[in-house]
Amino acid sequence: MDNTLQYPKMSVRGKAAEVKISNWKRRILRNKKIVNDYKREHPCSCGEKRIVCLDFHHDNEKEKKESINRLVKYHASIKRLIDEMRKCTVICANCHRVLHDSNTTEKE
């Protein structure tokens, strides 16, 4: 049985694997904290404050480089994460669905 641990574009063995994986997980946890702190400071205009219910809506789809979720998952730099969050409005999942539905309805 091969003891190789694989993560996105990373394959390492033994002690080096433990260090790389812990660094990888640490950056993901750091990014999650940054996102959650940002959501805490910017609740939805409808009054929803629960972090789990809040989404990021890119105000200008053309300026969007990456989704916030992917930046967290693939442990992007703090600067890149914050730059992308600043392009967004924090809104609750319900308001987000309504907003996208109204955008679709207008196009029809």
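Laboratory data are not the source of any read-out in this text; all were calculated from the coordinates shown. Bear in mind the structure is a predicted one, so any value in this text is a computation, not a measurement. With ideal geometry, Cβ positions are generated from the backbone for all residues, glycine too; neighbour counts draw on all protein chains shown.
Amide H to amide H distances under 5 Å link Asp55 with Ile91, Cys92, Ala93, where only residues 5 or more positions off or on other chains count and H is placed in the peptide plane. Can you figure out the FRET efficiency of Leu29 with Val98, using R₀ = 30 Å and their beta-carbon distance, to the nearest 0.05? Rounded to the nearest 0.05, the efficiency is 0.40.
Computed over segment 14-107, the P(r) curve from all C-alpha pair distances, binned at 5 Å from the origin, holds 2, 13, 20, 20, 17, 11, 7, 4, 3, 1, 1, 0 percent per bin.
Modelled this way, with points 7 Å down the Cα-to-C-beta line, the labels at Tyr74 and Asn60 are 2.3 nm from one another. Close Lys pairs in segment 36-104 (alpha-carbon distance under 16 Å; sequence gap of 8 or more, or different chains): 9.
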